[in-house]
1. Could you please tell me which pairs satisfy a Cβ distance under 8 Å, a separation of 6+ or placement on different chains, a first residue in region 212-234 that is in contact (Cβ under 8 Å) with a residue 24 or more places away in the chain, and a second residue that is aromatic (Phe, Trp, Tyr)?
2. Here are some residues: Ser319, Ser335. Which one is modelled with pLDDT under 95 and either in a helix (DSSP H, G or I) or surrounded by 14 or more Cβ atoms within 10 Å (Cβ to Cβ) (or both)?
3. Which of the numbered conditions does Ala142 fail, given that it passes all the others? Conditions: (1) surrounded by 13 or more Cβ atoms within 10 Å (Cβ to Cβ); (2) modelled with pLDDT under 95.
4. Which is outside the structural domain of Gly270 (by TED's automatic domain parsing) and of a type in the set (Gly, Ala, Ser), of Ala214, Ala184?
5. Taking the stated definitions as given, is Ser144 over 12 Å from the mean Cα position of the chain (by Cα), of a type in the set (S, T, N, Q) and either not assigned by TED's automatic domain parsing to the domain that holds Ser166 or not in a loop (DSSP other than H, G, I, E, B) (or both)?
6. Which residues, taken from region 29-65, are modelled with pLDDT under 60, among the hydrophobic types (A, V, I, L, M, F, W, C) and loosely packed, with under 14 Cβ neighbours inside 10 Å?
7. For region 66-102, enumerate the residues that are of a type in the set (Asp, Glu), at pLDDT 80 or above and surrounded by fewer than 14 Cβ atoms within 10 Å (Cβ to Cβ).
8. Return only the number of the condition from (1) assigned by TED's automatic domain parsing to the domain that holds Asp280; (2) assigned to a helix (DSSP H, G or I); (3) of a type in the set (Gly, Ala, Ser) that Ala164 does not satisfy.
Amino acid sequence: MSAFFAEYGMFLLKVATIVVAIVIVIGVAAASSRKAGEDGLEVESINRKYQNLASTLRKAVLNKAGQKQEAKAEKKRAKAEEKTASSRPRTFVIDFKGDLKASAVPSLREEVSAILDVANDDDDVIVRLENHGGVVHEHGLAASQLARIRDRGIDLTVCVDKVAASGGYLMACVASRIYAAPFAILGSIGVLAQIPNFHRMLDSHGVDFEQVTAGKYKRTVTMFGENSDEDRAKLKEELEDVHELFKSAVSRYRPQLDLDKVATGEHWYGTRALDLGLADEIRTSDEVVADRVGDRDLFQVAYKVKQPLPKRLMANIDSTLEKVDAAGWRRRFESRLPR
């Protein structure tokens, strides 16, 4: 009998565990769905954010009398701001975190469009960029969005705290000025294609692969068929053509660069990138933003794009795969960007 109750107890425990797991999954999905519905433009005053942070710290370190005085001073500042319309120039701050497919481009295009509708000649834009690079045409579109700002004659600054490599540097070079942290990674002006081939495995199992095309070069190197030297040569030719386009885009915005030195596919850390002309100054984005708070009104602009649940789940899977890829990249001492 005791054995029966022991088995029954284990059964109930398993059922309870499954029920709890289902409830958690449903709860997370529901919360995620609610969050996904909140799409649109979000604007935050960076000046006010800094003031609130400083005020919170002052209140924590002051005694009760000092806290009361600080509270009164804060109310006065708030009333004065409400009554007085600011005539100071404005800085709009955008955050762009890239991935292989530059999936943040839909948000970027909306953010840029909104800014261009309200910005004047005295305003400027800061983009805090973190991007390892990825698919050529996606990152080309991202760079084109930033070019819209330059084409309007509005000053554009890019800050790189961690990395702007390959397609990320294609975006960064559009800026009027590039700031890089001391150990930020810049460069990787090159093109790479990595394609696994399963022909021998399929052949050993008696599996034939048929590929029918119209047009001599509709498909060259393939994953499943046997690749010829001619196929590889054609792919190499295509990569060289993309590389020339990449170099041309970089040269357009940073004509002072010696492309023979920097367009080799290599990347460099901040101080060395500065020596080569890939960056203009060694500073973090925090320093750049903090310097402007005193004499400009700063606004962080972010556009949230509504995504259906299946697409968000796939994005999470892609993100996980990219993290695995990035971990492998770091284990190779970051000697070559796999983009």
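The values are calculated or read from the model by the stated rules, or taken from the named source; none is laboratory data. It should be emphasised that the depicted structure is a prediction, and the values quoted were computed from it without experimental measurement. Here the Cβ is made from the backbone with ideal geometry for all residues, glycine too, and neighbour counts use every protein chain on show.
1. Within 8 Å, the pairs are Thr222/Phe209; Met223/Phe198; Phe224/Phe198; Phe224/Phe209; Gly225/Phe209.
2. Details: Ser335 fails: either in a helix (DSSP H, G or I) or surrounded by 14 or more Cβ atoms within 10 Å (Cβ to Cβ) (or both).
On inspection, the qualifying residue turns out to be Ser319.
3. With respect to (1) surrounded by 13 or more Cβ atoms within 10 Å (Cβ to Cβ); (2) modelled with pLDDT under 95, Ala142 is out only on (2).
4. Numbers: Ala184 fails: outside the structural domain of Gly270 (by TED's automatic domain parsing).
Among Ala214, Ala184, only Ala214 is outside the structural domain of Gly270 (by TED's automatic domain parsing) and of a type in the set (Gly, Ala, Ser).
5. Details: over 12 Å from the mean Cα position of the chain (by Cα): yes; of a type in the set (S, T, N, Q): yes; either not assigned by TED's automatic domain parsing to the domain that holds Ser166 or not in a loop (DSSP other than H, G, I, E, B) (or both): yes.
Here the answer is yes, as Ser144 does meet what is asked.
6. Let us first name the residues in region 29-65 that are modelled with pLDDT under 60, namely 29-38.
From what is left, the residues that are among the hydrophobic types (A, V, I, L, M, F, W, C) are 29-31, 36.
The answer is Ala29, Ala30, Ala31.
7. In the first step, residues of region 66-102 are kept if they are of a type in the set (Asp, Glu); the result is 70, 74, 81-82, 95, 99.
Keeping just the survivors that are at pLDDT 80 or above gives 95, 99.
Matches in region 66-102: none.
8. Exception for Ala164: condition (2).
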